[in-house]
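**Student:** Below is one structure. I have some questions about it.
The values are calculated or read from the model by the stated rules, or taken from the named source; none is laboratory data. Keep in mind it's a predicted model, so treat the numbers as computed, not measured. As a convention, Cβ positions derive from the backbone with ideal geometry for all residues, glycine included, and neighbour counts pool all protein chains shown.
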Amino acid sequence: MAIRRRLALVSAALLASLGGISVSCAGGLAGAPAPFDKGGVKFALVGFISAGDFFAAYQAGAEAQAKALDVDLQVFPGRQDSAEQRSQIEQAINLGVKAIIIDHGEPEALQDVVQKALDAGIKVVAFDVNINNPAVPQVEQSDHELARLALEQAAKDNGTTFSAGYAYVAGFAPLDRRNEVWQEFKKSNPGVVEKAQFGAVNATTAVSTADQAKAVLTANPDISVVFAPYDEFARGVKLAASDLGISSKLKIYSADVSSADIQEIVADGSPWVATVATNPAVVGAVSIRAAAKLVAGEAVDHNLVVQPTLLTQAGLRSAGVTTVEELAAKIPAFNASDVATASWIPAAK
């Protein structure tokens, strides 16, 4: 796990030093609408967060779909910096791309520069950031469903009377949507008492969250359940529980998944008992397909929702699943989505 995360961060650092990378092939697609029939179409993928396996997998899925479409995809790495993300969108506009895919970010910092791109005739698709613009389709993982399934499993395992810790940072669209479900869950189940809220989103989210979780769990030894609706949060809470020696007294419920997550979930004595997720690579492919359809002049729904799957520790162990690739092979629905498809768009490999 540590090696994979380091590789992801090293890749981000290399991208940062280069200002962006290009993934492309040449020749065009036979039978595709213009401009894809000729090839050489340029897209940009502009991220906000670089750390974590989820974002590496999302980017890999986007790159694979771009390659299948013969799209020249310029990737700008996330640096957890809104000003930098704005600058990267400006760079993409100046490159003359046909479409920009925005992966997370802070809406207030992006709305005007996104409008600048639209005014320049560039199509824009947003993943897990609400640009609040009817011209910008929103790709999401059905965040309400992610949270609902996780909390239903928490209630199934623990009943509806327990002390809880909650990992959450406001201002990020997917976390805000998941928070709406958490608030409703508490209202519907007054026996669930939130003892503390904590969390951090930065270049070392898991480590920063672990530091906070240690303080919270030490101050509130009666916490038996933690709802951590982002896998980097869950990883941090698991680390804190291990360091404090309380893994056997805690159960963690999360959202999102990666191979590193699965290995932590199925590990002996792990308190991370369930997560709910879509395949981030599939979501990346959906984002590129949506942009391609817009560029081709085809209709695209404003909300593009990829449905999630509940993954329990017991289920993963019994199926012998240890990687996302094995998960995709054993649960076909996890490996594909019919969102934003078209007959002329080849499947990503």
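**Student:** If you take the residues of the range 36-50 that are of a type outside the set (S, T, Y) and not in a strand (DSSP E or B), which of them is surrounded by the most Cβ atoms within 10 Å (Cβ to Cβ)?
**Tutor:** Of everything passing the filter in the range 36-50, F48 is surrounded by the most Cβ atoms within 10 Å (Cβ to Cβ).
Yes/no matrix, rows are residues, columns are (1) surrounded by 21 or more Cβ atoms within 10 Å (Cβ to Cβ); (2) touching a residue at least 40 places away in the same chain (Cβ under 8 Å); (3) not hydroxyl-bearing (S, T, Y):
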site: A240; (1), (2), (3): yes, no, yes
site: S258; (1), (2), (3): yes, yes, no
site: W272; (1), (2), (3): yes, yes, yes
site: V282; (1), (2), (3): yes, yes, yes
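**Student:** Now for a separate question. Going by the conditions given, is L95 crowded, with 21+ Cβ neighbours inside 10 Å, touching a residue at least 24 places away in the same chain (Cβ under 8 Å) and farther than 24 Å from A173 by Cα?
**Tutor:** no
**Student:** Let me ask you something else. Take the range 66-90 and flag every residue that is part of a helix (DSSP H, G or I), over 11 Å from F48 (Cβ atoms) and out of contact with any strand residue (DSSP E or B) (no Cβ under 7 Å at 6 or more places or on another chain).
**Tutor:** Matches in the range 66-90: A68, A83, S87, E90.
**Student:** Search the range 196-222 for residues that are on the phi > 0 side of the Ramachandran plot and in the same structural domain as L239 (by TED's automatic domain parsing) and pair each with any residue that is part of a loop (DSSP other than H, G, I, E, B) and surrounded by 15 or more Cβ atoms within 10 Å (Cβ to Cβ) when their beta-carbon atoms are under 7 Å apart and the residues are at least 6 apart or on different chains.
**Tutor:** Short answer, once both residue conditions are applied: G199/Y168; G199/V169.
**Student:** Let me ask something additional. Taking D143 as the residue in question, decide whether it is modelled with pLDDT of 95 or more and among the charged types (D, E, K, R).
**Tutor:** no
**Student:** For A342, indicate whether it is among the hydrophobic types (A, V, I, L, M, F, W, C), modelled with pLDDT of 90 or more and either in a loop (DSSP other than H, G, I, E, B) or exposed (fewer than 13 other Cβ atoms within 10 Å of the Cβ) (or both).
**Tutor:** So A342 passes the test.
**Student:** Show me the strands (runs of 3 or more DSSP E) found entirely inside the range 184-267 where at least 2 residues are within 18 Å of the chain's Cα centre (by Cα).
**Tutor:** 225-228, 251-255
**Student:** Sort out which residues of the range 105-125 are within 19 Å of Q80 (Cα to Cα) and assigned to a loop (DSSP other than H, G, I, E, B), and write them in order of number.
**Tutor:** G105, E106
**Student:** Let me ask you something else. Out of the residues in the range 51-65 meeting the condition of being out of contact with any strand residue (DSSP E or B) (no Cβ under 9 Å at 6 or more places or on another chain) and not aliphatic (A, V, I, L, M), tell me which one is surrounded by the fewest Cβ atoms within 10 Å (Cβ to Cβ).
**Tutor:** So, considering only residues that are out of contact with any strand residue (DSSP E or B) (no Cβ under 9 Å at 6 or more places or on another chain) and not aliphatic (A, V, I, L, M), the one surrounded by the fewest Cβ atoms within 10 Å (Cβ to Cβ) is G61.
**Student:** So which of K116, K123 ends up being surrounded by fewer than 23 Cβ atoms within 10 Å (Cβ to Cβ) and at pLDDT 95 or above?
**Tutor:** K116
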